[in-house]
Structures are given as C-alpha cells and as structure tokens.
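**Student:** Sharing a structure, written as structure tokens. Questions coming.
All of the numbers you see were taken from the coordinates with simple rules; none came from a lab. Keep in mind that what you see is a predicted model, and the values were worked out from it rather than measured. Every residue, glycine as well, gets a Cβ built from its backbone with ideal geometry; the counts of neighbours run over all protein chains shown.
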Amino acid sequence: MKKINHQLLLILLILVSGYGYIASCAHEDLVAPAPASTAPVIKRGTAVHLPGNMTAGNTAEWKLDKVHSNVMWKTNYMATAGYLTGRFNQFGMHNVVDAEMLNYNTTAQPVKDTSWAFYEADPTKTYFSGYVQINTSNTGEPGRDGGCNLTTLGTTAIVTGVQNLTVTNLAKIKTVKVENDPLSADYIVTLELTWQGKLATPLTKTIVGKLKYVAKTTIGAGTASTYDVFGLQLLFQFNCRDFGIASTSIADKIDIECNMNFNNK
Amino acid sequence: MNQSFSIFFDRLTLVAFFSGYPIVYALAMYLIKDVNWKNPVIPQSIKSSLSLAYFVVVLLFWGMIIADMFPSITFSKIISFFKDAYSWHKISLIAALVLAFKYFKARPNYALLHSLFFLLLLLEDLLSMLTGHMDKLTMNSEFKLYFYSILLNSIVLLSVTSIRVVLQRKRLI
C-alpha cells in the first residue's frame, strides 16, 4: 500500500509539475521591452506673447516691465581672480536703427520696447532686439563707473535727463534664429551683437546664447487689480577684445545675463 | 502597489524554498522502496536524512530572513514580519524546527505533510492561471522557482545523505 502511495504521489507530482510548466508557457517569443530612453522629457506650452502697441489696460498686449528687469554683466577681475560684476541701468527692447541713434531728452524709455515676439511652441516666430546704454554700467563704484570705465569702453559720461542712444554708447543685439534646445525646455538663440567699443566703426558678431521662458502667472487673482506676468532670461557670452577693449582689468570673456519681465497691465 | 508586491515576494520565497520537497520526497521514497541497492546503508541513510534535509532547508530560510533583518533586528520588525503576509505559513516554519528531534527524524511523513502546505500555494496559483486570474508569464516564473526549489531540496538531501553515509562508515553515528 505504502509502495503504491509513494509511486502514485511521485507520478501525480511529476504530472502536475509538468502540466503546470507547459500550461504556463506562453508559446510566444518574449518581446524585449523598449530600451529606456535617456532623452530628457521636455514639455513645452503654447503661450504666445506679443507687445502690440503696448496699450495700457489692454491685457492682450505685453509691456516690458523695465523697472523689474535687469541686464547684468560679469567677468573675471584681472582675468584670473573672482568675478567683477555690474549692471546696465538703461536698456530696452527696441531695434534701434541708424536713424534712431540719437540723444533723447527724457528720463523715460526713449524708444518703444516693441521689437520682440515670443511663441513658446514655435520658436521660428520668436524674435527680439535689445540695447543697452554703455555709459550706464553700474558696478556700485561711482569712481569707476563715471571714470575709467567710460574711457575703457569708449563712451562718454551720462548727461542727466538724457538717454544716450548714439553709436558710441549703444550695444545692441538682434536675433537671427531661435530654436528649441533638445536637452531642455529652453531655446538656443543665434543673435548678432553690434557694438563699436573702442573700434572706429561698429562691429557685428554672431553669438549663440540661451533663452529661458519663465511661464506666465497671474498676480492678484480674483482681485480688481489682477494682471499677468511672464519672464524671459537670455544668457550669452562675448569676447570684449573683438570690440577693441584692451583693459587687462577684465577677462576676454564677458558674460551677459538679461532678465526681462513683462506684464499685461 | 508596493505592499502587494512584497506580499507576492513573500509567497515566491516560500514556494522557492519548500514547494519542491514533496517531489524530492516522493522520488527518494521510490528510490528506497523500488530500487534494488547492493548496499542497504544508502537507502537507509536516504530515509533517515529526509526529515533532516527538510530541517536544513527550514534553517536556510530562517538564515536568509535573519540576514535580511541584520543588523537592525528589532521586536517590532519581527512582529511585522509575521503579521505582514502568510502568517500561518511562517509560524509553521518555526514549528518545523522540531523536525530535528529524534521522533520526527524517524518519521519523514511529517516533513512531507508540512511541505504540502507550501506546494498548495503553487497549485493555487496554477488554478488562478487556468481560470484566467493570473497571467502565464508570472506562472512561468513561479514554476521556474518551483524547479529551483526541487534542485535546492535535492542538493540538500544529497548532501545530508552523503554526510550521514560518511559518518556511518567512520562509525561516528
């Protein structure tokens, strides 16, 4: 009896095991899972921001909020030491053509900041132009800013109440191409930097920079004074020696960071 | 998701250690009863090693559990180990430690009965697959573990039997 039981048990277990293994066979070639992609997952929105005529109260038209924007520069002091930094107090987003390169007797923006358009999903439509007034470079040291800096950079002192957009005081940028950055949600910008510096005539250099869009947000939602804001940050670098700047107090490479804030008030 | 995965992992661990024993037992008993051995010491050693082999597999299981918990073995960890899933199976594995005693060593049927408890887990999953509640790939993986369990139990039985035969020859036992 025991003999039969053990044989029966063995046969039963072998049958069950064999059946289970065969039944669980999928009869299909295992499809290897798709390889994990190391490409970054980039999400872009569809925001469109245009200046229009910058009409106050028109929420469809975006205005450069110059008071809350900045253009900053930095370079290595003596080319090897820590950063020497400064900002330009006067700047704008206008494509200043030759006919507009004048002195303007105003403390407000001398020309309308309407030379830009931003299309988040279609960078081919995005463009911008900008300028800075070189003599408004502010390092926090008035002696430098109103002294050696002016001669170093080939410009003249600030005249109170005058916005100096003349050729010797103007550095301007203009986009040539804006395209998606394949590695992030930012944009790669090819732009032309035009500046006379210490040269006899203005020089235009093509530079590649990076543009970051800071998405639109609503300020004071639900209140009577609600409005929207968005930001654009541009980073680029140029070689000051190209523009005849010979000072050894600064490095060849100058980093520029432009933080432009816009609202639709 | 994490909890159900850990419960499933516990189930697979129990299947991997113990579900192969019944077929090893059945095969061993077939070899003992139905094969003519020139040397009767070998079948005797196999029979007396069956319980001990199962006991060694139980020890291996507990060794793995303790090694996982080490060095932070706390009372609460031990309690949660038993409370998490398959509590009765785990408690029965503590009871299985008595298989080392003489009474149970001579009666390998107790080890067989104990291991059937774990084979039932595998059969339950097979039934789930046949009724469409479990996918074939998971079952296929589980059966692979079952065959590893057969291998583990076979190797342990072979090792214990070999050691017993050697010790008997040296008249140490």
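**Student:** Tell me the angle of helix B:109-130 to the major Cα principal axis of chain B, expressed in degrees between 0 and 90 and rounded to the nearest ten.
**Tutor:** Roughly 40 degrees, rounded to the nearest 10.
**Student:** Report the trypsin sites (Lys or Arg not before Pro) located in segment B:26-90 that are in a DSSP loop and have at most 10 other Cβ atoms inside 10 Å of their Cβ, or state none.
**Tutor:** Loop-located and lightly packed - B:Lys38.
**Student:** Further, regarding this structure: Expressed as a whole number of Å, what is the distance separating the alpha-carbon centroids of segment A:207-251 and segment A:109-187?
**Tutor:** 10
**Student:** To one decimal place, what orientation-averaged projected area in nm² is obtained for the convex hull of the Cα set of segment B:26-173?
**Tutor:** Its average projected convex-hull area is 11.5 nm².
**Student:** Using alpha-carbon positions, what is the distance between the centroids of segment B:82-110 and segment B:43-73, in Å?
**Tutor:** Result: 11 Å between the Cα centres.
**Student:** Could you tell me the relative contact order of segment A:121-265? Use alpha-carbon pairs under 8 Å, at least six residues apart, and round to a whole percent.
**Tutor:** 17
**Student:** What size of dipole, in debye to the nearest 20, comes out for segment A:96-150 about its Cα centre when the only charges are +1 on Lys and Arg C-beta atoms and -1 on Asp and Glu C-beta atoms?
**Tutor:** In debye, rounded to 20, segment A:96-150 gives about 60.
**Student:** OK, next. Cα centroids of segment B:113-152 and segment B:8-29: how far apart, whole angstrom?
**Tutor:** Between the Cα centres of segment B:113-152 and segment B:8-29 lies a distance of 9 Å.
**Student:** Anyone know which of B:Ser49, B:Ser154, B:Ser128 comes out most mobile in the 10 Å Cα GNM of chain B?
**Tutor:** Greatest mean-square fluctuation among the candidates belongs to B:Ser128.
**Student:** Based on the Cβ-Cβ distance of A:Lys125 and A:Thr80, what FRET efficiency does E = 1/(1 + (r/R0)^6) give at R0 = 51 Å, to the nearest 0.05?
**Tutor:** Given R0 = 51 Å and the Cβ-Cβ separation, E is 0.75.
**Student:** Find the percent of Cα-Cα distances in segment A:151-265 that exceed 26 Å, and round it to a whole number.
**Tutor:** Across segment A:151-265, Cα pairs with separations above 26 Å total 38 percent.
**Student:** Using a Förster radius of 41 Å, what is the FRET efficiency between A:Leu199 and A:Leu50 based on their Cβ-Cβ separation? Nearest 0.05, please.
**Tutor:** It comes to 0.70.
**Student:** I'd like to know how chain A sits against the 2.2 N^0.38 Å rule of thumb: what's its Cα Rg over that expected value?
**Tutor:** For chain A, the normalised Cα radius of gyration is 1.68.
**Student:** Hey, another quick one. Determine the relative contact order of chain A: mean sequence separation of Cα pairs under 8 Å and six or more apart, normalised by residue count, in whole percent.
**Tutor:** Relative CO of chain A lands at 20 percent.
**Student:** What Kirkwood Rh does segment A:80-193 have if only Cα atoms enter the pairwise 1/r average? Answer in Å.
**Tutor:** After inverting the pairwise mean of 1/r, the radius is 15.8 Å.
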